[in-house]
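These notes concern the structure reproduced below.
The values are calculated or read from the model by the stated rules, or taken from the named source; none is laboratory data. Note that this is a predicted model, so its numbers are computed, not measured. As a convention, Cβ positions derive from the backbone with ideal geometry for all residues, glycine included, and neighbour counts pool all protein chains shown. Please note that ligands, DNA and RNA were not included when accessible areas were found on the heavy atoms of the full protein model with its side chains. Shrake-Rupley method; radii C 1.70, N 1.55, O 1.52, S 1.80 Å.
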Amino acid sequence: MIIAILLFSFWISVNVVYGADSASIYKWSGTSVGVDVSDLPSGWIPSLASSMTAWNNISSTFTFYSSSGGHKVYDANIGPGVPGETYLSKSGVVIQDADTVLNTNYLWSTSGVYGHMDVQNVLTHELGHWFMLYDLYYGYQSEYTMYGVIVTGETKKRTLEDDDVDSAYTMYH
Ligand SMILES: [Zn+2]
């Protein structure tokens, strides 16, 4: 009987756990954001489009769309440090601007080749920061798109995991 109760309580706890580890209190005032790709190498635009689609497909109320002018995804050499960086400006809890730079101090590819940063892998992660999703660093979070460590040849961040979806969906539904 005790075993049965323990099993039952374990089953309950597994089923009520709601991840959303990377969710924040910050939000855009609207439900869509235009992404300006005019300063991104043209060969990288399909990768960006796939990253936008990954987030658009989660059935939240928020969508990315291509636009000219506004919030940029661009490439530039910002020196050693990180392959991609997203700059957000906020007023209180309202996100007002977002831009992402892909750092050309690193080697890049669009096919996940060894020794290069994968454009879609990094951009899917960086677009998560446009939601003001946080970087995650615990070992159990290592498969999540919002895991804060990105390495060359990696493509696993292209696809969103449940916690990434839950985090964005929690904020926009
Ligand atoms: Zn990050």
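Between a first residue in the stretch 126-148 that is more than 12 Å from W55 (Cα to Cα) and part of a helix (DSSP H, G or I) and a second residue that is near the ligand (Cβ under 9 Å from one of its atoms) and open to solvent by 10 Å² or more (accessible area, probe 1.4 Å), which pairs have beta carbons less than 6 Å apart while being 6 or more apart in sequence or on different chains? Between residues of the stretch 126-148 that are more than 12 Å from W55 (Cα to Cα) and part of a helix (DSSP H, G or I) and residues that are near the ligand (Cβ under 9 Å from one of its atoms) and open to solvent by 10 Å² or more (accessible area, probe 1.4 Å), the close pairs are Q141/Y147.
Among the candidates S9, S24, the residue that is open to solvent by less than 50 Å² (accessible area, probe 1.4 Å), modelled with pLDDT under 95 and closer than 28 Å to D162 by Cβ is uniquely S24. Counting the residues of the stretch 111-125 that are touching a residue at least 40 places away in the same chain (Cβ under 8 Å) and either open to solvent by 60 Å² or more (accessible area, probe 1.4 Å) or away from the ligand (no atom under 13 Å from the Cβ) (or both) gives 5. Inclusion of G128 among residues that are more than 23 Å from G43 (Cα to Cα) and open to solvent by less than 40 Å² (accessible area, probe 1.4 Å) is not warranted. For L88, state whether it is buried (at least 20 other Cβ atoms within 10 Å of the Cβ) and of a type outside the set (S, T, N, Q). No; evaluated as a whole, the condition is false for this residue.
Looking only at residues of the stretch 142-154 that are hydroxyl-bearing (S, T, Y) and either within 14 Å of the ligand (Cβ to nearest atom) or modelled with pLDDT under 95 (or both), we find that the one that is farthest from the chain's Cα centre (by Cα) is S142.
For the stretch 155-164, a residue qualifies if it is open to solvent by less than 40 Å² (accessible area, probe 1.4 Å) and either within 13 Å of the ligand (Cβ to nearest atom) or not in a loop (DSSP other than H, G, I, E, B) (or both), and the qualifying residues are K157, D163, D164.
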